[in-house]
Each structure stands twice: as C-alpha cells, then as structure tokens.
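All remarks here apply to the structure that follows.
The values are calculated or read from the model by the stated rules, or taken from the named source; none is laboratory data. Quick caveat: nothing in here was measured; it's all calculated off a predicted structure. Neighbour counts are summed over all protein chains in view; Cβ atoms, including those assigned to glycine, are modelled from backbone coordinates with ideal geometry.
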Amino acid sequence: MTDKKVVWSKRLQAQDYAGASRYLDLLCAPSAVKRIVAASRRAKPQMFAAKDLLRASALPLLSKDDVHVDSDLKRIRKGKPLAPVLLVRGDAASAVPLTIADGYHRICAICYFDESEPVPCILVDF
C-alpha cells in the first residue's frame, strides 16, 4: 500500500470498447456482443475491490513483469489516468465466472498497488 492515489478516467475510450468487442467475439454471438457493448455505454460505473474482481473472474494474478501490467504500474506512479474496466456478470449458480471484457491487466496492476483499491467498473449482464 502507498500514499499515491490511483487516477481513473471517467469513461472508457473507443479502443477499450473495441478491445472488449474483439474479446467477446470469441465468447458469444455477434448480436450478444453488440447488446453487451451497447449496455456498457449506458451503464454507470460501480466500484469493486481489485482482489474481489480477480476472485470473481477466477483468473490468476498476472506477473508484475507482464508488459501491460508493468505499463499500468508506471502510469499509476506517474499519476496518469487508467480507464475503468468492462465486466460481464457471471452466474454463480451455473459456475460461470465474471468475464473481464477489458481491463484484466489494469486489475492486476491495481492488485500490486493495493489489492483493496476500489476499481471503477462498467458491469453488464449477458
């Protein structure tokens, strides 16, 4: 933990939506991708602890040496804003984890910074 604060952008950028769309194209039909992206553009950010996002997604913590994690850690140290993350809600009853459609490396960087740090998330349902 550090005294440095994480600076967050208010909104996702076009490249964040594009990256999320490319990833979601691998998981669901194009009509579902369009619906998810449209819903995410209307959704208000919610805050969740970085460690909880990793737990809910069932994904491992990427190494500090990962090029994207390292880049985001440098952005944090320099006080440059990070984009919110885009999430698709999982379903615990069906053992479907949270999907991180965009921002996995940012979540990992935050875990190294302070795992309890609140992360602004755009959370939508499938």
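Answer yes if at least one residue in the range 34-42 is touching a Ser or Thr at 6+ places or on another chain (Cβ under 9 Å) and either under 14 Å from T99 (Cβ atoms) or exposed (fewer than 10 other Cβ atoms within 10 Å of the Cβ) (or both), and no otherwise.
Initial filter on the range 34-42 (touching a Ser or Thr at 6+ places or on another chain (Cβ under 9 Å)): 34, 36-37.
Next cut, either under 14 Å from T99 (Cβ atoms) or exposed (fewer than 10 other Cβ atoms within 10 Å of the Cβ) (or both) only: 36-37.
Yes: one or more hits.
Name every residue in the range 12-27 that is touching a residue at least 12 places away in the same chain (Cβ under 8 Å), under 17 Å from R89 (Cα atoms) and either among the polar types (S, T, N, Q) or out of contact with any strand residue (DSSP E or B) (no Cβ under 9 Å at 6 or more places or on another chain) (or both), in order of residue number. Don't jump to the end; show me each part of the working.
Initial filter on the range 12-27 (touching a residue at least 12 places away in the same chain (Cβ under 8 Å)): 12-13, 16-17, 19-21, 23-24, 27.
From what is left, the residues that are under 17 Å from R89 (Cα atoms) are 17, 20-21, 23-24, 27.
Matches in the range 12-27: S21 only.
Among all residue pairs at least 6 apart or on different chains, which show Cβ distances below 9 Å where the first residue, located in the range 37-51, is under 18 Å from I107 (Cα atoms) and the second is among the charged types (D, E, K, R) and part of a helix (DSSP H, G or I)?
A50/R106; A50/D114
For the range 43-75, what are the residues that are of a type in the set (A, V, I, L, M, F, W, C) and touching a Ser or Thr at 6+ places or on another chain (Cβ under 9 Å)?
Residues satisfying the conditions are A49, A50, V69.
Any residue at all in the range 34-53 that's over 16 Å from G90 (Cβ atoms) and of a type in the set (S, T, N, Q)?
Checked the range 34-53: no residue is over 16 Å from G90 (Cβ atoms) and of a type in the set (S, T, N, Q).
Test of understanding: among L86, L73, L98, L61, which residue is crowded, with 18+ Cβ neighbours inside 10 Å, more than 12 Å from the chain's Cα centre (by Cα) and either at positive phi or touching a residue at least 24 places away in the same chain (Cβ under 8 Å) (or both)?
Numbers: L86 fails: more than 12 Å from the chain's Cα centre (by Cα); L98 fails: more than 12 Å from the chain's Cα centre (by Cα); L61 fails: crowded, with 18+ Cβ neighbours inside 10 Å.
One residue alone meets the criteria, L73.
With the checklist (1) more than 15 Å from L12 (Cα to Cα); (2) of a type in the set (D, E, K, R); (3) crowded, with 22+ Cβ neighbours inside 10 Å in hand, flag the one item D114 doesn't pass.
All conditions are met except number (3).
Does the range 90-106 hold any residues that are outside any strand (DSSP E or B) and either modelled with pLDDT of 95 or more or acidic (D, E) (or both), and which are they?
Within the range 90-106, the subset outside any strand (DSSP E or B) is 90, 92-95, 97-98, 103-106.
Once the filter is applied, which keeps residues that are outside any strand (DSSP E or B) and either modelled with pLDDT of 95 or more or acidic (D, E) (or both), the range 90-106 yields P97, L98, G103, Y104, H105, R106.
Criterion first (in a helix (DSSP H, G or I) and more than 15 Å from the chain's Cα centre (by Cα)) does A109 satisfy it?
Details: in a helix (DSSP H, G or I): yes; more than 15 Å from the chain's Cα centre (by Cα): no.
No, not satisfied.
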